[in-house]
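Written below as structure tokens is the structure these notes are about.
Just so you know, all these numbers are worked out from the coordinates, no wet-lab data involved. Because the structure is a prediction, the values reported are computed rather than measured. Cβ placement follows ideal geometry from the backbone for every residue including glycine, while neighbour counts extend to all protein chains displayed.
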Amino acid sequence: MTTIGIIGFGSFGKFLAEKLSSHCAVKVYDRRERPTTWRADFDDVAVCDYVVLSVPLGAYPETLERLATVISPDSVLVDVCSVKERPVELIRQYVPKQPLVATHPLFGPESASGSLQGMTIVMCPEVSDVESYAKIKDFSEKLELSIVEMSAAEHDKEMAVVQGLTFFIARTLDDMKLHSQQLSTPSFERLLHLAELEQHHSAELFRTIQQGNLYARSARRAFLGAARAIDSELDNDEESEVV
């Protein structure tokens, strides 16, 4: 039976274990030793057929350095990080000969708690092992996932806006303590929903998306520049009216 090892048992690692356990044997390693029926030692997880890295990007160097000493040469590393170029770079640095499949599931416990059907997964063929990539793509199709193939760079450029800018705005709204008002509109309700969603994201995920993506800063700067320009224009209009 196919074995899948998951390193990291945060919300996404737990979600993966729950979704995959009906298809294969799952083993989970978590350094915080949270109780789970899938719990296993690091060395046991490292020799599974597939080893999924479900840790924050900041933990990649330490995790990969440890993996390099015990991982089976035949184990396929599956990267599910929210950014792609930097994780692939680190994997190539620490375990250069390891088969790799680079992916980004655009779903998680909040959006796919009921079903995976129709959910989108990005797959990056140009940085992945050909044979392993084909097997995971076939498995994803059987799960009825919607597969989008693109390069790691293309992924990061798009996600700098799709996730980077969205999370940045959501964090800003949340820090403003945006809350319900006596009066409301559908547009304002969307802002409240965006701010509320940010509360479900960990600080590690936020940093990964903002600091691990080479293009996220440019997206933030473009947004802030446009906001300042609009604000300045409004101030100038008010000054002109006074004169």
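Which of C124, C24 has the fewest other C-beta atoms within 10 Å, and how do the rest follow up to the most? Spell out each step's value before the answer.
Details: C124 24, C24 14.
By the 10 Å Cβ count, ascending: C24, C124.
When a/c is below 1.5 the answer is rounded, else prolate if a/b is larger than b/c, else oblate, so apply that to segment 154-242 with a ≥ b ≥ c taken from the square roots of the Cα gyration tensor eigenvalues.
oblate
For a quick check of your reading of the filter: which GluC sites (Glu not before Pro) in segment 131-166 sit in a DSSP loop and have no more than 12 other Cβ atoms within 10 Å?
When the GluC sites (Glu not before Pro) of segment 131-166 are filtered for loop state and at most 12 Cβ neighbours within 10 Å, E144 remain.
Which of the three applies to the chain, rounded, prolate or oblate, going by the alpha-carbon gyration tensor with a ≥ b ≥ c and a/c under 1.5 meaning rounded?
Prolate shape, in that a/c is at least 1.5 and a/b is the bigger ratio.
Simple spin-label model, 7 Å along Cα-to-Cβ: D175 to S111 in nm?
In this crude spin-label approximation the distance works out to 2.4 nm.
Using the basic label-point model (7 angstrom from Cα toward the beta carbon), what is the V161 to E204 distance in nanometres?
3.0 nm
Charges at C-beta only: +1 for Lys and Arg, -1 for Asp and Glu. How large is the resulting dipole of segment 154-242 about its Cα centre, in Debye rounded to 20? Show your work: numbers first, answer last.
Values: 9 positive and 16 negative charges, 107 e Å.
The dipole magnitude comes to about 520 debye.
In the chain, if the dipole is taken from +1 on Lys/Arg beta carbons and -1 on Asp/Glu beta carbons about the Cα centre, which of L173, A152, L224 is farthest to the positive end?
A152
What is the local net charge at S151, summed over the other residues whose Cβ is closer than 10 Å to its Cβ (Lys, Arg +1; Asp, Glu -1)?
The answer is -3.
Mind checking which lysines have their Cα closer than 26 Å to the Cα of K14? Skip sequence neighbours fewer than 8 apart in that chain.
Within the straight-line limit of under 26 Å, K14 reaches these lysines: K27, K84, K135, K137, K142.
State the extension gain, in nm to one decimal, for the chain segment bounded by E154 and D44, taking 0.36 nm per residue of separation less the distance between their alpha-carbons.
36.1 nm
Quote to one decimal, in nm, the extra length available between Q211 and D231 on full extension: 0.36 nm per residue of separation minus the C-alpha distance between them.
Values: separation 20, 0.36 × 20 = 7.20 nm, distance 2.70 nm.
Going from the current span to full extension adds 4.5 nm.
Could you work out the relative contact order of segment 1-94, using alpha carbon pairs under 8 angstrom and six or more residues apart, expressed as a whole percent?
Reported as a whole number, the value is 29 percent.
Taking +1 at the Cβ of each Lys and Arg and -1 at the Cβ of each Asp and Glu, which of V161, L90, A203 sits farthest along the dipole of segment 87-243 towards its positive end, judged by Cα position relative to the Cα centre?
Result: L90, furthest along the dipole toward the positive end.
Run the dipole for the chain about the Cα centre, Lys and Arg Cβ at +1, Asp and Glu Cβ at -1, nothing else charged, and hand back the magnitude in debye, nearest 20.
760 debye
Note down the nm distance, to one decimal, between modelled labels 7 Å out along Cα→Cβ at E144 and at C24.
Label at E144, label at C24, 2.1 nm between them.
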